[in-house]
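Derivation of every value follows stated rules applied to the coordinates shown; laboratory data play no part. Because the structure is a prediction, the values reported are computed rather than measured. Cβ placement follows ideal geometry from the backbone for every residue including glycine, while neighbour counts extend to all protein chains displayed.
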């Protein structure tokens, strides 16, 4: 067995101040020591950075940024971070020293925690995470080894410095897993960045470990009939775990983040409420992703809203989406079969045939969504194009109708002259024009028109904003967060809950989602140019960090709004609705305005 290298031995003094006492832990690229601060006569923890030589410069830059952010956190359940220091070849972080074992050591030595102690630990850590998330700081490595059990009984969350904080993703490669795989959420293991709900998942697995003394079995696939419904239930291993606590852990560890608590504060609330926590704390929003967000009608194309809801929010600049003309035979048959699979009884057989032949539009969407919807359809084997509703009207008239209209006009006029009947001279052209107009209207009417037993209960202005945002947003975190928020908002209004200002919340949330999508797009472009980071000047990295942190702050604001709506749905915030909504609207609006400058700066750097 190869011995681990020794970097700092007892007695070494850093910065003529910190005397190393002993090693107390190791991470991926760091070692933690207990040291004596000679200046104040107290013990501190020293986290020494030991990255590979090729990554040393970027690692130091990352370390400084992490400390700058984490130093803002002052909370009784968070281990304090004091400073970042360079001493010759060493870079290290000075932190508060907590004399006590971590949770992993405690469970190994004394066995699983009793349910009350586990719930108390969960409340401590959710309080710490809630404080961090509010500032846009994600831990990304919640696990038993990072939870210290202080002598006063408090659980203390540590090692934010090795987590991927808001503002650090691109420096450490977007999508790269930072943290421990055993506790990572499914979306992180799949290569996604994850948000605050990934910390929630990791805490859920940690509580499972605290209650059972072992890790849960991993679900290898998220597909199939059980996707989104498989969770980790400690009661299956330890029957004495209360049902309510089993439900809390189960919901926190749902594979689909939309099925978890929408914010860590609601997980904290469930732990505080105990037996009433899950039932009264935060009901989950319906999450059938193949249905319209607003009315639950079938929506198989990934647009988010069905044609009926889109039509109610229609504007004069909407466009019609046609399928491209395909050669009769196998090509058109393939398009027709794909259509039938997608919309089934949502359109008649003749309507599907007309759409497959490119003769009638498949659907109508806001103009800004035309290009995205065309891309969505093409990805599903349905080549398409978008046309203005006011152009190319002649192409929509079948030749047979044109001939019939001509015959009516000519025959009527001839009969009128022959019989000296002026009425025929006037009515026959009018009938011909009417035939053509009717044909145009029918040929410009979308064929996909699914039925629904209900309609959206959102205020009209909010519904219009939602339709346009959903139709235009690309697939990604911003769109998924907005969809979840809209489902919860619709559930609140459908249940006739009192939520004055809900329309403004939805409108501002749509704007926030657009801003978030723009930041995601810029950061994706940066990530594609990752090689430029090697020799990037500090100012360039600072701008990038501000933009990335803005991305996580906007994400957090959307999650907070969803959490508030979930509370209304469960009737747990009555009497506070108007004030809370107003605060959410104000916070999201202010955050969006703050991020505009960061987005412009990043756009200039990309140019």
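If the chain linking residue 600 and residue 353 were pulled fully straight, counting 0.36 nm for each residue of separation and taking away their Cα-Cα distance, it would gain 84.2 nm. Among 94, 50, a tally of other beta-carbon atoms within 10 Å of each Cβ gives an order, fewest to most, of 50, 94.
Measuring nothing but how far apart in sequence close Cα pairs (under 8 Å, 6+ apart) lie, relative to its length, region 307-389 scores a relative contact order of 51 percent. Taking the average, over residues, of other Cβ atoms within 10 Å as the packing measure, peptides 367-377, 261-271, 9-19 rank 261-271, 367-377, 9-19 from highest down. Counting neighbouring Cβ atoms within 10 Å and putting the fewest first, the residues 22, 159 line up as 22, 159. Projecting label points 7 angstrom from Cα along Cα→Cβ for residue 85 and residue 324 puts them 6.5 nm apart.
For residue 19 and residue 511, the difference between the fully extended length at 0.36 nm per residue and the C-alpha to C-alpha distance is 171.9 nm. With a cut-off of 19 Å, note down the residues of region 541-566 whose backbone N falls inside the zone around a label point 7 Å from the Cα of residue 525 toward its beta carbon. In region 541-566, the label zone of residue 525 (backbone N under 19 Å from the point 7 Å along Cα→Cβ) covers 541-552.
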